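Contents: one structure, followed by commentary.
Each value in this text was obtained by applying a stated rule to the coordinates, not by laboratory testing. Owing to the predicted nature of the structure, the values given are computational and were not obtained by experimental measurement. Note that we place each Cβ from the backbone using ideal geometry, even for glycine, and neighbour counts take in every protein chain shown.
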Amino acid sequence: MQPMKRFENVAAFILAGGASSRMGRDKGLLEFGGVPLILRTAHLLMPVVASVTVVGSPNRYAVFGLRAIADEVVREEGTSQGPLAGIATALRTTSTPWNLILACDLPYLTIDWVNWLLSRAMDSSAQIVVPRTSQGLEPLAAVYHRGCAETIVAAIARGVRRVADAVADLRSEPVDASEWREFDPDGFVLKNMNTLEDYEAAKKWWEARPPHERGQPMPERTYGAALRQHR
């Protein structure tokens with residue numbers, strides 16, 4: 001097992017874009033053990049990074065005690081560019097050289113895998129270290145150098161929407177699932193949720209984990225009133 005460490009030169013950003021068309025709800029607010037997933041993810045990350053920020057509506061997420069910032073990168077007509085805008089916002093506002101960018105709907109994420117990915121990124125000379133699974137590259141669970149911001153913002157200004165297209169000219173290093181098998185024997189760590197069936201399956205998986213792998217319980221006073229407001 002790889003030793004756990006705190007990466008003071010890495011900030012984490014969780015991209016939370018709001019309601020999913022297929023899920024019909026804000027995926028980050030789906031509950032696991034009565035706690036919103038986005039809050040569980042933030043608490044999972046806190047011991048290993050310098051800071052955790054949600055890129056999404058401050059009104060929606062700050063009430064959970066999380067630092068939240070709105071997308072600041074939009075096209076002239078005022079429409080957000082989805083995850084790409086979230087990445088650009090994170091990289092333009094960060095104070096650290098390296099930045100872990102994560103989607104808000106990764107219920108299988110583990111601290112051991114995050115620790116491994118950050119250690120792997122620190123040994124790379126690339127500007128982006130991006131996991132690659134059988135589904136392809138996973139740019140919403142990757143580590144970006146803040147120097148990527150200018151290129152990504154320029155791509156958005158040209159009308160680019162796909163993350164892969166926006167970062168095509170940057171130095172990226174893919175890391176294959178075979179490299180992290182030790183930390184993800186089931187191959188679930190980057191599996192996200194798009195439907196209610198995905199959510200139910202993730203809850204069953206989570207409930208079957210040993211208590212010490214579910215993270216520390218959080219007092220309801222830290223999130224209870226906010227969660228009731230959004231239910």
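Report the normalised scattering of the range 7-230 as log10 I(q)/I(0) at q = 0.08, 0.16 Å⁻¹, calculated by the Debye formula with identical scatterers on the alpha carbons. Taken in order of the listed q values, log10 I(q)/I(0) reads -0.27, -1.16.
If I stretch the segment between Glu182 and Ala201 completely, what's the gain in nm (0.36 nm per residue apart, minus their alpha carbon distance), one decimal? Walk me through the numbers before you get to the answer.
Details: separation 19, 0.36 × 19 = 6.84 nm, distance 2.25 nm.
Length gained, Glu182 through Ala201: 4.6 nm.
Using the Cα gyration tensor of the range 35-146, with a ≥ b ≥ c the square roots of its eigenvalues, what is the shape: rounded (a/c below 1.5), prolate (a/b larger than b/c) or oblate (neither)? Spell out each step's value before the answer.
On the way: a/c = 1.57, a/b = 1.19, b/c = 1.32.
Taking the square roots of the gyration eigenvalues as a ≥ b ≥ c, the range 35-146 is oblate.
Counting charges near Glu150 (Lys, Arg +1; Asp, Glu -1) among other residues having Cβ under 15 Å from its Cβ returns a value of +2.
Could you order the peptides 158-164, 29-35 from most to least packed, using the average number of other C-beta atoms within 10 Å per residue? Kindly include the intermediate steps, with their values, before the conclusion.
Values: 158-164: 14.1, 29-35: 16.9.
Peptide ranking by packing, descending: 29-35, 158-164.
Within a straight-line Cα-Cα reach of under 14 Å, Lys203 can be paired with the following aspartates and glutamates, leaving aside sequence neighbours fewer than 8 residues apart in one chain: Glu31, Asp105, Glu213.
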